[in-house]
Amino acid sequence: MVILYSTLLLGFLGFAFGMFLSYVSERFKVEEDPTVKLILEVLPGINCGACGYPGCEGYAKAVAKGDKPDKCLPGKKSGVEERIKEILTNSKKSA
């Protein structure tokens, strides 16, 4: 009988904590800008910091907020600036 009560108690606690974690994850969800993800895919991803930001993700966030897209030195040869400008114009059209 003790094993049955212990099993039921652990099952109930597991269910309760699972529901609590589900609620908390929805309540405190962080919304991300899809433009940042698109810009990050275009950048070289070497996180050199030559742009003045802490890595490519910091630079992508700054560009999505309105900073100039011409600061990525490693990406200049591969045409990163033009592709970022395309992403920004497409995101402004859809907004």
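What follows is calculated from the coordinates using simple rules that are stated; it is not laboratory data. Note that the structure is a prediction, hence the values are computed from the model and not measured. When we count neighbours, we look across all protein chains shown, and the Cβ atoms used for this are built from the backbone with ideal geometry, even at glycine.
Extension gain for residue 3 to residue 16 (0.36 nm times residue separation, less C-alpha to C-alpha distance): 2.7 nm. Sparse packing (at most 15 other Cβ atoms within 10 Å of the Cβ) combined with a DSSP loop state is found for the following GluC sites (Glu not before Pro) in the stretch 16-95: 31, 32.
A Förster distance of 25 Å, applied to the separation of the beta-carbon atoms of residue 33 and residue 78, puts the FRET efficiency at 0.60.
Scaling the Cα radius of gyration of the chain by the globular reference 2.2 N^0.38 Å produces a ratio of 1.82.
Straight-line cross-link partners of residue 71 among the lysines, defined as a Cα under 24 Å from its Cα and at least 8 positions apart when in the same chain: 37, 61, 85, 92, 93. Applying the criteria of a DSSP loop state and at most 12 other Cβ atoms within 10 Å to the trypsin sites (Lys or Arg not before Pro) of the stretch 11-43 yields 29. Here the contact order of the chain, divided by its residue count and restricted to Cα pairs under 8 Å and six or more residues apart, works out to 22 percent. Phi angles across the stretch 49-62 convert, under the Karplus curve 6.51 cos²θ - 1.76 cosθ + 1.60 with θ = phi - 60°, into 3J(HN,Hα) values of x, 5, 7, x, 10, x, x, 5, 5, x, 5, 5, 5, 5 Hz, Gly and Pro given as x.
Here 35, 7 are placed in order of increasing Cβ neighbour count within 10 Å, fewest first, which gives 7, 35.
Shown in residue order for the stretch 18-25 are the 3J(HN,Hα) couplings computed by the Karplus curve 6.51 cos²θ - 1.76 cosθ + 1.60 at θ = phi - 60°: x, 5, 4, 5, 5, 5, 5, 5 Hz (x for Gly and Pro).
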